[in-house]
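Peer 1: Sharing a structure here in structure tokens format.
Just so it is clear, none of the values below were taken in a lab; they were calculated from the coordinates. Remember, it's a predicted structure, so these values are computed and weren't measured experimentally. Cβ: placed from backbone, ideal geometry, glycine included. Neighbour counts: every protein chain shown.
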Ligand code: ACO
């Protein structure tokens with residue numbers, strides 16, 4: 001019972017609040033399932049490419065062969081970033097976090113975009129296509145510039161996944177690795193009104209443009225309670241280092257009532273629908289690299305968290321070691337999430353724009369009662 005009888009129910013963290021309708025995806029915590037456009041995400045991950053799923057999120061239907069070819073041709077023709085952005089990226093502090101770098105690069109792309117301020121549906125979609133195509137190039141450019149390396153040119157013949165490896169690692173890996181990466185992109189692409197997606201919708205609701213919404217979405221995704229958790233998971237696994245001490249390490253976290261990264265979820269309380277698929281592909285990466293250390297520590301942590309706390313892992317838990325085993329450096333993990341989630345963010349920007357009402361909730365005031373402004377000498 002609140003002290004003030006007039007005080008309305010406060011939904012801190014907007015827990016349990018339905019803020020709008022959406023047809024992009026559906027999360028069903030009671031069955032641990034997630035669908036994009038009606039298709040189970042694990043089925044999409046096993047049978048489709050990331051490009052097909054991007055098309056689905058933006059058009060509501062999977063593409064036929066001709067539509068897919070046109071979509072791929074369009075994105076691969078847009079991958080290059082401007083010389084001006086390349087120059088700006090070279091000026092970034094070399095110790096900048098790659099999430100801050102891609103957030104700034106996306107904002108800069110808004111300055112350059114010929115249709116930046118046009119918020120018509122057609123223009124927003126063209127801009128989303130350009131960002132989708134250019135984000136991996138910008139992530140790779142910032143990563144390489146920080147190491148004093150030349151910016152690699154995207155190869156229009158490459159698939160989305162091949163291009164990411166080509167740009168960042170300078171090589172295209174074997175098909176199993178590409179498939180595992182593509183699966184991660186599909187699983188990360190969309191997840192209803194999570195913090196970053198809702199941020200993008202909130203920005204859009206004021207009539208602001210797509211680059212602003214995506215820049216804000218990236219800022220939100222960086223936080224360790226959200227997308228930043230995939231990096232935090234790998235730091236944690238490396239800190240543990242040895243499966244033999246995993247239980248003891250976890251117990252010390254429990255003793256300090258500390259968070260264990262990659263566990264828990266606002267919506268799923270009995271398991272994240274995306275985890276089994278991502279775990280399967282992370283296991284495959286461990287086989288490819290012939291190093292089971294991280295998956296073994298992960299298994300112990302997941303078992304203990306379930307037995308002792310009844311808390312399940314979320315997608316970031318298997319995605320962290322999967323990216324590590326694919327050869328990506330840890331600070332690139334959340335930017336890779338951006339390269340995927342731009343598709344879901346943009347789908348929500350389109351949806352919000354098509355049926356917009358300014359998002360403007362209320363706050364219950366708890367500060368001092370109204371009082372006179374004291375003169376300077378009296379403060
Ligand atoms: N480690 C330890 N305890 C946890 C964890 C965790 N990772 N997650 C939840 N709990 C505990 C809480 O402390 C709380 O305990 P209490 O009832 O004794 O206070 C209980 O479980 C319920 O958790 P809430 O805090 O109510 O869960 P909420 O929905 O507010 O938070 C969140 C969800 C932010 C994801 C949280 O679980 C968390 O911080 N997890 C770690 C960070 C993480 O992995 N984030 C990635 C999310 S998925 C994604 O963005 C792709």
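Peer 1: So, by mean Cβ neighbours within 10 angstrom, what's the order for 49-57, 109-117 with the highest one leading?
Peer 2: Highest to lowest by the protection proxy: 49-57, 109-117.
Peer 1: Per the helix-only calculation at 222 nm, which mean residue ellipticity applies to the chain, given -39500 (n - 2.57) for every DSSP H run of n ≥ 4 and division by its residues, nearest 500 deg cm²/dmol?
Peer 2: Calculated from helices alone, the mean residue ellipticity at 222 nm is -17500 deg cm²/dmol.
Peer 1: What FRET efficiency comes out for residue 280 versus residue 362 if R0 is 45 angstrom and r is the Cβ-Cβ distance? Round to the nearest 0.05.
Peer 2: Calculated value: 0.50.
Peer 1: Mind sorting 104, 215 by how few other Cβ atoms lie within 10 Å of their own Cβ, fewest first?
Peer 2: Fewest-to-most ranking of 104, 215: 104, 215.
Peer 1: Shifting gears a bit: Is the chain rounded, prolate or oblate when judged by the Cα gyration tensor, a ≥ b ≥ c being the square roots of its eigenvalues, rounded requiring a/c under 1.5 and prolate requiring a/b larger than b/c?
Peer 2: Verdict is rounded for the chain.
Peer 1: OK, next. Need one word for the stretch 138-180: rounded, prolate or oblate. Basis is the Cα gyration tensor (sqrt eigenvalues a ≥ b ≥ c); a/c below 1.5 gives rounded, then a/b vs b/c decides.
Peer 2: prolate
Peer 1: Now a separate question. Based only on the alpha carbon positions, what is the Kirkwood hydrodynamic radius of the stretch 1-140, in angstrom?
Peer 2: 18.6 Å
Peer 1: Classify the stretch 291-379: rounded, prolate or oblate, from the alpha-carbon gyration tensor (a ≥ b ≥ c, eigenvalue square roots; a/c under 1.5 rounded; otherwise prolate if a/b is larger than b/c)?
Peer 2: Note, shape of the stretch 291-379 comes out prolate.
Peer 1: Using the 10 angstrom Cβ neighbour count as an exposure proxy, how do 178, 358 rank, fewest first?
Peer 2: Lowest to highest Cβ neighbour count: 358, 178.
Peer 1: Still on this structure: For residue 43 and residue 111 in the same chain, what is the full-extension length gain: residue separation times 0.36 nm, less their Cα-Cα distance, in nm?
Peer 2: Gain in length upon complete extension: 20.6 nm.
Peer 1: Another one. With a point put 7 Å past each Cα toward its Cβ, work out how far residue 11 is from residue 296 in nm, to one decimal.
Peer 2: 4.7 nm
Peer 1: Given labels modelled 7 Å from the Cα in the Cβ direction, how far is it in nm from residue 242 to residue 179?
Peer 2: The modelled label-to-label distance comes out at 3.6 nm.
Peer 1: Could you tell me how many cubic angstrom of Cα convex hull volume the stretch 229-325 has per residue?
Peer 2: Considering the Cα atoms of the stretch 229-325, their hull volume per residue is 84 Å³.
Peer 1: To continue, here is another question. Given R₀ = 25 Å, what would the calculated FRET efficiency be for residue 21 paired with residue 270, taking r from the Cβ atoms and rounding to 0.05?
Peer 2: Efficiency, rounded to the nearest 0.05: 0.50.
Peer 1: Assuming 0.36 nm per residue, please report the length gained on full extension of the stretch residue 28 to residue 253 beyond their Cα-Cα distance.
Peer 2: Between residue 28 and residue 253, full extension yields 78.0 nm more.
Peer 1: While we're on this one: Compute the distance from the alpha-carbon center of the stretch 292-344 to that of the stretch 29-105, in whole Å.
Peer 2: That distance is 20 Å.
Peer 1: Can I ask one more? Distance in nm between label sites at residue 100 and residue 74, each 7 Å beyond Cα in the beta-carbon direction?
Peer 2: The two pseudo-label positions are separated by 3.5 nm.
Peer 1: State the extension gain, in nm to one decimal, for the chain segment bounded by residue 309 and residue 67, taking 0.36 nm per residue of separation less the distance between their alpha-carbons.
Peer 2: 82.4 nm
Peer 1: Here is a follow-up. How large is the Kirkwood hydrodynamic radius of the stretch 88-241, in angstrom, based on all distinct alpha carbon pairs?
Peer 2: Answer for the stretch 88-241: a Kirkwood hydrodynamic radius of 16.9 Å.
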